[in-house]
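One structure is given below, encoded as structure tokens.
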Amino acid sequence: MTWNKIRPYLMISPAILVFSLFFIYPICYMIYLSMHDWNFVSPEKNFVGTANFTNLVSEKEFIEVMQNTFVYTALTVSLTIIIALILAVWLNKSGTIYGFVQGAIFSPHIISLVSISMLWMWLMDTDYGLLNWFLNLFGLPSVPWLTDPSTSLLSLAIVAIWKGIGFNTLIFIAGLQSIPRDIYEAAALDGTNRIRTFIKLTLPMLSPTLFFLTIIGIINSFQVFETISIMTQGGPINSTNTFVYYIYEYGFRFFKIGYASAAGVILLVIISIFTIMYFRLLARRVHYQ
Amino acid sequence: MNTTIPYKLLNGIGILIVVSIFAFPFVWMISTSFKSLGETMIFPPAWLPESLHWENFTAAWNSGPFLTYFKNSIFVSISILILQFLTIIPAAYAFARYQFKGNKFFFALTMITLMIPAQLIFLPVYLQFSAWGLLDTLWALILPFASSAFGIFLLRQSFKQVPEELLEAARLDGASEWKIILKIMIPIAKPVLITFGLFSFITHWNDYFWPLVMTTSDVTRTLPLGIAKLREVEGGVAWHILMAGNMILVIPILIVFFFAQRQIIRAFVYTGIK
Amino acid sequence: MAEIILKNISKKFKEEEVVKNLNVTIRDGSFTVLVGPSGCGKSTTLRMIAGLEQQSSGDIWIGDECVNDLPPGKRNIAMVFQNYALYPTMTVRGNIEFGLKNKKVPKKEREILIREISEIVGLTDYLDKKPNKLSGGQRQRVALARAMVKKPKVFILDEPLSNLDAKLRSQMRSELIQLHKKLGTTFVYVTHDQVEAMSMGDEIAILNKGTIQQMGSPMNVYHEPNNIFTAEFIGTPAMNIFEYNKVKDHLSNLSRKVKFVGFRPEHALLALTEKEKDAGYLKLASEIITMETLGAETIYTVKNEAGVMHIKSFIPPFENAKELLVSIPYEKLYFFDQEGKRYRSVSTRQMDTALAGGA
């Protein structure tokens, strides 16, 4: 009967091997590297303790990167969720038209970020872009969307919101549909008006979904890379440089591996906090069912 | 529910606006891809091209080794898909159906992996591949995604729902464990497998970040990188060529989306209801 | 065809011993029913025979082969499950064929077998349908066909009728009995329903708390229960059992070992008044609590010095009576000792003298 004992291990081993080799071990290696000074080429890695971290947090550029990442995340997540919630309540109806609308707003989610970035670069072009034509139509002046430090980060957030709304709306709709109908019937019998019903019933019942989307949104926004790499390369004047782009540049352009790893570890800690928070609250159940 | 005529009208206009916001950029992409260079440089913009400039597509295609990119993209996405199926099906079955020592530990390991994004670990993985001499090969694009924690998680859920008696009946019918997986579990989990397959294929077809990090030469690069490179043509950005190039990347996905909209939406929304 | 022998079989789940040192021989060609309350170990025993559960100790023999280390598929056993366990993604044909394919039976032979079997169970028109398109009864037939087609040495059925409605259940019950006669294969059948056990089995094994209480033909276990558990479990209403102390005045001089006395509800005679002083009866003046008239028979619930008991009577009901005299012939009394074991060394003669002594 030994074969029966070995079999489960045999079955999980390919997957576990992949995970250990490409996810678990790299995390450990990154933590190790974050405490060393290494330029990728030299055979020696010098142990420097926490020096990379202390240097990092006292550096103006990194502080800016942190700020950019936080502002970008706050903008993207809050606006996406608010707009998606409104759309979900509105579009949560059956019928071909609503099915089509849901499909339409979802479609950007499955398109490559490369294409989305380029499409929006074109739409946001200062001279020939459609967005400025639209503004001019209403008598508003053209905006240098991606080429001015004061608007560049917001422009990137707009792209992320446009891409993310469909996904968020559909999840909200799924959440709305899981709310039992009889609760609304009871509220209607009590003569509760629509807005009150929404605030007192729908919103609390949606809180697990709301919470889930917030956390997922935060985790995703912290990793933003593609749009920056294609649309702005972190500029102008470092105004759109965020975490992952910063790690990428330090690792691959300046070969400061220890430095980049330390930034990676900080990102790991931030993402872990949100992940743990998510699981903690999931276990406690945000709302009674 | 309000069904008065002004309400209906307002609702209809609202829907039109929403759909335009999401669909119009794509329409604009298509329109631009058929324009001449001159037509992209007028303001206010021309809505439709005077004539259809099909040569934009050949220009985009010939601006680099696009056949290689295309082949690489197909090869990488399909290889990942096949390897993922090969690794997640047995693992999900073991996690769902067997009691063994370390069961919980290994599943926790899988769940941790689910939480680690590629953007976090690219640097150490890059160094690892560099040490193995596998940088700038298709291996570096495929191997890290040869299994999927998300896939195991999804499939385990669906394997768990199969009643134990069904497996016992099959065992009494003389079926081996592999046969049970092949003939009973996989057919039952078919919708989930299709869902996951679509998710995986689209994700890796679209992926820009990982190939950007792991490859440096044209022989190993994939379509998204090739498209991104179109920006770097001399003498400023040629939007009509760029948009034509992006159509090559987007059209296959949009066609798949058109035919399997429901499954695809389910595939991506699944990630939200886990 | 084969007999099944269980030798010193025990099964432990963690600390709990669900089957304790079982020794059973299931006769070749018999229709043996394992019956008992839930949690008695009957299903576990069945699953150990099938090889779906490994015994903690002991040997299982099927025919002249010790099957301890044989996987379920190699034991030449077919099983019908409570929920049918049909493969949902396969057609009826696919379900029946699956086991044959695994045994590498050639295609032509498979087709002949499937045609034969589907005619026997009446599924010919449904061969290309999926199970979810079939009714409960039809699914049951597919499960049977799937089992039969393998021509197994032993059939194992785990509460196969409990998901059917009452009418279908009695129909399937008689079909199964006929099927067993036709095939002549050993059937091992598990149920918690003693009526099913009595009506179907030619051999009944009554299990409780992991041990066999009694094994024998239905009539044998009904008329000669070895202990209180069997006596109470078999028969509806259950045997009336009361403490000997409460009727000592009527039945003196019995062995000290006797602690309980019992009788079957249908063995008592009922009368409004004592007609004559006939000897040989235990007589109890009783008060009627309820009376259920079922047409052919009447079931009384009565109360007397021994306690509350059920009486089944086939004479016209005593409509307005409040009290009755219950008389039980001595030879219909069952005696049990402190542990609930049957105490058999009470003879009628002994009782006669006891009566004489009392009078």
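The values are calculated or read from the model by the stated rules, or taken from the named source; none is laboratory data. Just so you know, these numbers come straight off a predicted model, no measurement behind them. Ideal geometry is used to build each Cβ from the backbone, glycine not excepted, and the neighbour counts take in all protein chains shown. Please note that ligands, DNA and RNA were not included when accessible areas were found on the heavy atoms of the full protein model with its side chains. Shrake-Rupley method; radii C 1.70, N 1.55, O 1.52, S 1.80 Å.
In terms of accessible area, using a 1.4 Å probe and ignoring ligands and nucleic acids, A:98, C:87 rank largest first as A:98, C:87. DSSP bridge analysis restricted to chain C gives an antiparallel fraction near 75%, rounded to the nearest 5. For a modelled paramagnetic label at residue C:289, 7 Å from Cα along Cα-to-Cβ, the residues of region C:306-321 in reach, with backbone nitrogen under 13 Å, are C:306-311.
Quick one: pull the percent of accessible area on region B:65-232 belonging to carbon and sulfur, 1.4 Å probe, ligands and nucleic acids left out. Walk me through the numbers on the way to the answer.
Details: 4070 of 6110 Å².
Ligands and nucleic acids excluded, carbon and sulfur give 67 percent.
The modelled label-to-label distance for the pair residue A:25/residue A:55, using points 7 Å beyond Cα in the direction of Cβ, is 2.8 nm. Placing a pseudo-label 7 Å from each Cα along the Cα-to-Cβ vector at residue A:47 and residue A:233 gives an inter-label distance of 4.0 nm. In order along region B:162-168, the phi-based Karplus estimate (6.51 cos²θ - 1.76 cosθ + 1.60, θ = phi - 60°) of 3J(HN,Hα) comes to 6, x, 4, 4, 5, 5, 5 Hz; Gly and Pro are listed as x. Residues A:199, B:184, A:24, sorted by accessible area with the largest first, give A:199, A:24, B:184 [1.4 Å probe; ligands and nucleic acids excluded].
Comparing B:253, B:21, B:186 in a Gaussian network model of chain B (Cα springs below 10 Å), the most mobile by mean-square fluctuation is B:21.
For residue A:109, the solvent-accessible surface with a 1.4 Å probe is about 40 Å², rounded to the nearest 10.
When the solvent-accessible area of chain C is split by element, carbon and sulfur atoms take up 48 percent of it, the probe being 1.4 Å. When the helices of chain B are scored as -39500 (n - 2.57) per DSSP H run of n ≥ 4 and the total is divided over every residue, the value at 222 nm lands at -22000 deg cm²/dmol.
Along the charge dipole of the protein assembly as shown, pointing to its positive end and built from +1/-1 on Cβ of Lys, Arg, Asp and Glu, which listed residue (B:209, B:80, C:187) has its Cα farthest out? Towards the positive end, the residue furthest out is C:187.
Considering only C:248, C:150, C:259, the mean-square fluctuation computed in a Gaussian network model of chain C, springs between alpha carbons under 10 angstrom, is largest for C:248. From the residues C:62, C:269, C:231, which one has its Cα farthest along the dipole of the protein assembly as shown in the positive direction, the dipole being from +1 and -1 charges on Cβ of Lys/Arg and Asp/Glu about the Cα centre? After comparing all options, I get C:269. For region A:198-215, backbone phi angles converted through the Karplus equation (6.51, -1.76, 1.60; θ = phi - 60°) give residue-by-residue couplings of 5, 6, 8, 10, 4, 4, x, 5, 8, 4, x, 4, 4, 5, 4, 5, 4, 5 Hz, Gly and Pro being listed as x.
In deg cm²/dmol, rounded to 500, what helix-only [θ] at 222 nm does chain C give when every DSSP H run of at least 4 residues adds -39500 (n - 2.57) and the total is split over its residues?
Details: 9 runs with 96 residues, N = 359.
-8000 deg cm²/dmol, from helical runs alone.
Label point of residue A:128 set 7 angstrom out along Cα-Cβ; within region A:222-250, amide nitrogens under 20 Å from it belong to A:231-232. Protein-only accessible surface at a 1.4 angstrom probe places the residues A:281, C:157 in the order A:281, C:157, largest first.
A loss of 40 Å² or more of accessible area (1.4 Å probe, protein heavy atoms, ligands and nucleic acids excluded) relative to the isolated chain is seen in these residues of region A:127-146: A:128, A:130, A:133. Under 5 Å from the amide H of residue C:189 lie the amide H atoms of C:32, C:33, C:34, C:157, each residue being 5 or more positions distant or on a separate chain, with H modelled from the backbone and absent for Pro and chain starts. The string of couplings for region A:159-173 from the Karplus curve (6.51, -1.76, 1.60, θ = phi - 60°) is 4, 5, 5, 4, 6, x, 4, x, 4, 4, 4, 5, 5, 4, 4 Hz, one whole number per residue in order, with x for Gly and Pro. Dividing the radius of gyration of the alpha carbons in the protein assembly as shown by their Kirkwood radius gives 1.13 for Rg/Rh. Remark: region C:199-321 carries a charge dipole of roughly 540 debye about the Cα centre, counting +1 on each Lys and Arg Cβ and -1 on each Asp and Glu Cβ.
What's the whole-number percent of alpha carbon pairs in region B:155-272 lying beyond 18 angstrom? So the portion of pairs separated by more than 18 Å is 66 percent.
In chain B, taking the dipole from charged Cβ atoms about the Cα centre, the farthest positive-side position among B:96, B:30, B:222 is held by B:96. Reported to the nearest whole Å, the Cα centre-to-centre distance from region A:56-119 to region B:1-49 is 20.
Each semi-axis of the equivalent ellipsoid for region C:64-196 is √(5λ) with λ an eigenvalue of the Cα gyration tensor; in descending order they amount to 22, 20, 13 Å. Structure remark: mean-square fluctuation, Gaussian network model of chain B, C-alpha springs under 10 Å; the largest value among B:113, B:68, B:220 belongs to B:113. Remark on residue C:208: its backbone amide H falls under 5 Å from those of C:213, a criterion applied only to residues 5 or more positions apart or on other chains, H modelled at 1.01 Å from N.
Could you tell me the distance between the Cα centroids of region B:89-106 and region C:184-248, to the nearest Å? Taking the Cα centre of region C:184-248 as reference, the centre of region B:89-106 is 43 Å away.
Over all pairs of different C-alpha atoms, region B:52-124 has a mean inverse distance whose reciprocal, the Kirkwood radius, equals 16.3 Å.
Using R₀ = 60 Å, calculate the FRET efficiency as 1/(1 + (r/R₀)^6) where r is the Cβ-Cβ separation of residue B:232 and residue C:167; round to 0.05.
Working: r = 80 Å, r/R0 = 1.33.
With a Förster radius of 60 Å, E is 0.15.
Fully extending the segment from residue C:273 to residue C:224, taken as 0.36 nm per residue of separation minus the present Cα-Cα distance, adds 14.5 nm. Solvent-free Debye calculation, one equal scatterer per alpha-carbon of region A:166-227: log10 I(q)/I(0) at 0.21, 0.30 Å⁻¹ equals -0.85, -1.23.
The accessible area of residue A:36, taken with all protein chains in place and a 1.4 Å probe, comes to roughly 10 Å². Rolled with a 1.4 Å probe across the full set of protein chains, the surface gives residue C:112 an accessible area near 90 Å².
Mind grabbing the interface size between A and B? I mean buried accessible area, both sides, 1.4 Å probe, in Å² to the nearest hundred. Mind showing how you got there, number by number?
Values: alone 17550 and 16840 Å², together 26460 Å².
That pair of chains buries around 7900 Å² in total.
The charge dipole of region A:50-284, taken about the Cα centre with unit charges on the Cβ atoms of Lys, Arg (+1) and Asp, Glu (-1), comes to about 640 debye, rounded to the nearest 20. DSSP beta bridges confined to the protein assembly as shown are antiparallel in about 75 percent of cases.
Using the Cα centre as the reference, give the magnitude of the dipole from point charges on the C-beta atoms of the protein assembly as shown (Lys, Arg: +1; Asp, Glu: -1; all else neutral), rounded to the nearest 20 debye. Walk me through the numbers before you get to the answer.
Details: 83 positive and 69 negative charges, 310 e Å.
Value, rounded to 20: 1480 debye.
Heavy atoms of the protein chains alone define the surface here; on that basis the protein assembly as shown has 46 Å² accessible area per residue at 1.4 Å probe size.
The modelled label-to-label distance for the pair residue C:249/residue C:202, using points 7 Å beyond Cα in the direction of Cβ, is 5.1 nm.
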